[in-house]
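Worksheet: the structure to be examined is printed underneath.
Read the figures in this text as sums done on the coordinates, not as results from a lab. Quantities reported herein were computed from a predicted structural model and do not represent experimental measurements. Cβ sites come from the backbone with ideal geometry, for glycine too, and all protein chains shown count toward neighbours.
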Amino acid sequence: MQTAIATVSLSRDLASKLKAIAAAGFYGVEIFEADLLSFDGTPREVGRLIADLGLKLVAFQPFRDFEGMPEPQRARGFARAERKFELMHELGTDLLLVCSNVLPAAIGGIDRAAADFRELGEAAAKHGIKVGYEALAWGRHVSDHRDAWEIVRRADHPHVGLILDSFHTLSRGLPVDSIRSIPGDRIFLVQIADAPRLDMDILSWSRHFRNFPGQGDLPIVPFMQALGDTGYDGVISLEIFNDQFRAGSTAQVAVDGQRSLIYLMDQTGPRAKSAALPPRSVCSGFEFVEFAVEDHAAEQLAGLFAMLGFAKIGTHRSKAVTHWRQGDINLVINAESESFAHTYNIVHGPSVCAIGMRVGDAAETMARAAGLKAQPFRHSTSPGELELPAIRAVGGSLLYFIEPKGQLGRIWESEFTPSGAGTSGAAGAGLVCIDHISQSMHYDEMLSWLLFYTALFELDKSPQAEIADPAGIVRSQVVRSPDHSVSIVLNGSQSAKTLSSRFLSEFFGAGVQHIAFASDDIFATVTALRANGLQMLPIPENYYDDLEARFDLDQSLLARLRENNVMYERNEEGEFFQVYTQPFAERFFFEIVQRKAGYAGFGASNAPIRLAAQTRLAPPPTLPKH
């Protein structure tokens, strides 16, 4: 199958949209009439631009309110169609999308509509044009693809076919098995759109909240599997009405769209010619987190790591890079002046510039990433150094792929000289592994990175949650491996004053805002951290008074929580304890957590309290100078 996208899915002017669509690797494009009408040029020039970009104009749309009209509206409908046929000749396309009538004046009846389409097919044939009929979920008389197919079947004309749209079928809960009975050669085009589950009218849902397959909650895969059984082998096109997409980066949204279709066809069998992907990569944990700092900040960060119980166990053989370890956690401080980290630090300040993911096969992971339009990264290496496979990730940071059992798993032995306390010098503070990493980003980027992670890795997505910040709402969504060894929390806010948004403005882009370390005994860990001189985030007394009322906690446990600024949550799965450090360089911070029994959440009920506590400690935002 070949991929396409409707111009309505993207922001900016028509020429910019077309260039982004071509750059993303799409085969074709659907021209939305409003984009053509606003274009400062002739239809013939649009057609020439499309051809020059190497694209195929697969359809012109929409042609509205045609079938079932009384006279004189019926005659005007055919006259309008003739005008569109002539326009399509100039554009260079041979498919007109006709959507089901929504006008109150429309008259129902399958045979009446079929007769209209038979006559329209005759007119279209004279122009060498085909018409495709699509059932809108809010159509006046036809809102079901089964009725639309029956109209096409009865019209019985070779220039009249069916157009399927996943949103119109799935939003109404229509059975996808009915698609299997439709001959593939009678389907002229298939449009795909996902969407989150929302309790609202279908028209508003469709016009504002559609998204790419894999970003929403609709059962797109069963829809595609049913389509595959028809023998359809035509174009799969994206038609997305989404306020975020229309306000976002044209180029990035186009890449996300192509990525979503490649991933969808990878899941369902039929594939784009360029997509022969290895399977989604299985992650077994975070191999390392790398921090970009300058010399003076490197000393301060090293001091923080030491207070957290980490031991410096290695120094890079040729670079200003140090390796710190505790339990199964590897942290890297990179102060090398000739490096990617240095460039990253110039832009973002002290920050996480790279994450290493443990994968079973790094080469396969890179191949899949390339097939999904990820941007590979190669850095210069000195003789004897390993070339670690990497791609660009959130905020321009790097994501490395490490095979623990292969040569790449020997990075610490091959590139670092043992130093400092070594592997046995520091007692540590009881931190055992990275529990999760939290990344903050602009709200309109969340869907992009959600798709990125779930298409590349064997990660499942959680439902989106809303967290109250003192200055607005923060939306949060988790992607997580089945064994919970990898959890990444994506946070975004539309309010410019939330802590998440302030991080973005001060950080100059998306990135890691905090890292959570797991402990088997959080009170012993906090005792060790305090003995090392580390200050924890102070939590208000009112919080602990409320805890007592909510959970009827043992008084001794409540006293320990209060004394150590530890927050607590409990559900039917188990218990959760969490405590936070204060921010480093006003950019990132650390969290220590302990999970008991089968607790799998992230302390969502505590998040507003934590955000309020951090907001109190944060410096006032910098006001622009006039």
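Considering only C-alpha atoms, what is the centroid distance from the range 537-567 to the range 394-408, in Å?
Here the two parts' Cα centres lie 40 Å apart.
Need the C-alpha centroid separation for the range 52-111 versus the range 189-231, integer Å.
One Cα centre to the other: 24 Å.
Mind checking the angle between helix 73-91 and the chain's longest principal axis? C-alpha axes, 0 to 90 degrees, to the nearest 10.
So the helix axis and the longest Cα principal axis differ by about 60 degrees.
Report, for the range 483-626, the % of DSSP beta bridges that are antiparallel, rounded to 5.
On the way: 13 of 18 bridges.
Taking every DSSP beta bridge with both residues in the range 483-626, the antiparallel ones total about 70 percent.
Hey, what do the phi angles of the range 360-373 turn into as Karplus ³J(HN,Hα) couplings, whole Hz, using 6.51/-1.76/1.60 and θ = phi - 60°, x for Gly and Pro?
Each residue of the range 360-373 in turn: x, 9, 5, 5, 5, 5, 5, 5, 5, 4, 5, x, 9, 6 Hz.
What are the residues whose amide H is under 5 Å from the amide H of His436, where those residues sit 5 or more places off or on another chain and H is modelled from the backbone?
Here the answer is Ala516, since their amide H atoms fall under 5 Å of that of His436.
Mind giving me the nanometre distance, one decimal, between the label points for Gln464 and Asp111, set 7 Å out from Cα along Cα→Cβ?
4.8
Counting other Cβ atoms within 10 Å, which GluC sites (Glu not before Pro) in the range 543-626 have at most 10 and lie in a DSSP loop? List each step's numbers first, then the result.
Details: sites: Glu548, Glu563, Glu569, Glu572, Glu573, Glu575, Glu586, Glu591; in loops: Glu572, Glu573, Glu586.
Passing sites in the range 543-626 are Glu572.
Rounded to the nearest 20 debye, what is the charge dipole size of the range 431-617 about its Cα centre when +1 sits on each Lys and Arg Cβ and -1 on each Asp and Glu Cβ?
480
For the chain, give me the percentage of DSSP beta bridges that are antiparallel, rounded to the nearest 5 percent.
Antiparallel bridges: around 55 percent, rounded to the nearest 5.
Measuring from label point to label point, each 7 Å out along Cα→Cβ, what is the Gln407 to Glu385 span in nm?
Simple spin-label model gives 1.6 nm for this pair.
Taking the Cα centre of the range 1-135 as origin, sum charge times position over the Cβ atoms of Lys and Arg (+1) and Asp and Glu (-1), and report the length of that vector in debye to the nearest 20.
140
Residue-wise, which Karplus ³J(HN,Hα) couplings in Hz belong to the range 178-191, taking 6.51 cos²θ - 1.76 cosθ + 1.60, θ = phi - 60°, and x for glycine or proline?
Coupling constants for the range 178-191: 5, 5, 4, 8, 8, x, x, 6, 8, 9, 8, 6, 10, 10 Hz.
Report the extension gain between His89 and Ala618 in nm, rounded to one decimal, defined as 0.36 nm multiplied by the number of residues separating them, less their alpha carbon distance.
Stretched fully, the His89-Ala618 segment lengthens by 184.3 nm.
Give the cross-link partners of Lys461 among the aspartates and glutamates, using a straight C-alpha distance below 12 Å as the criterion and excluding same-chain residues fewer than 8 apart.
Within the straight-line limit of under 12 Å, Lys461 reaches these aspartates and glutamates: Asp217.
Once R0 is set to 30 Å, what does the formula 1/(1 + (r/R0)^6) return for the Cβ-Cβ distance between Thr315 and Asp520, expressed as a FRET efficiency to the nearest 0.05?
In this case the efficiency is close to 0.50.
Relative to the first principal axis of the alpha-carbon coordinates of the chain, what is the inclination of helix 555-564, with its axis defined by its Cα atoms, in degrees from 0 to 90 and to the nearest 10?
Here the helix axis deviates by roughly 90 degrees.
Calculate the FRET efficiency for Gln267 and Asn571 from the Cβ-Cβ distance with a Förster distance of 35 Å, rounded to the nearest 0.05.
0.65
If the cut-off is a Cα-Cα distance under 21 Å, which lysines reach Lys84, setting aside same-chain residues fewer than 8 apart in sequence?
Lys56, Lys126, Lys130
Report for the range 2-268 the percent antiparallel among DSSP-assigned beta bridges with both residues inside it, nearest 5.
5
Using only Cα atoms and rounding to the nearest 10 degrees, what angle (0 to 90) does helix 541-551 make with the longest principal axis of the chain?
It is inclined by approximately 70 degrees.
Remind me, relative contact order of the chain in percent, using alpha carbon pairs under 8 angstrom and six or more residues apart? Please list the in-between numbers first.
Values: 1303 pairs, mean separation 60.4, N = 626.
Worked out over the chain, it gives 10 percent.
For the chain, compute Rg over Rh where Rg is the Cα radius of gyration and Rh is the Kirkwood radius from the inverse mean 1/r over Cα pairs.
Rounded to two decimals, Rg over Rh is 1.05.
Would you work out the charge dipole size for the chain about its Cα centre, treating the Cβ of every Lys and Arg as +1 and the Cβ of every Asp and Glu as -1, and quote it to the nearest 20 debye?
For this selection, approximately 900 debye.
Which value in nm describes the separation of the simple spin-label points at Ser556 and Arg186, placed 7 Å from the Cα toward the beta carbon?
Spacing of the two 7 Å Cα→Cβ label points: 7.6 nm.
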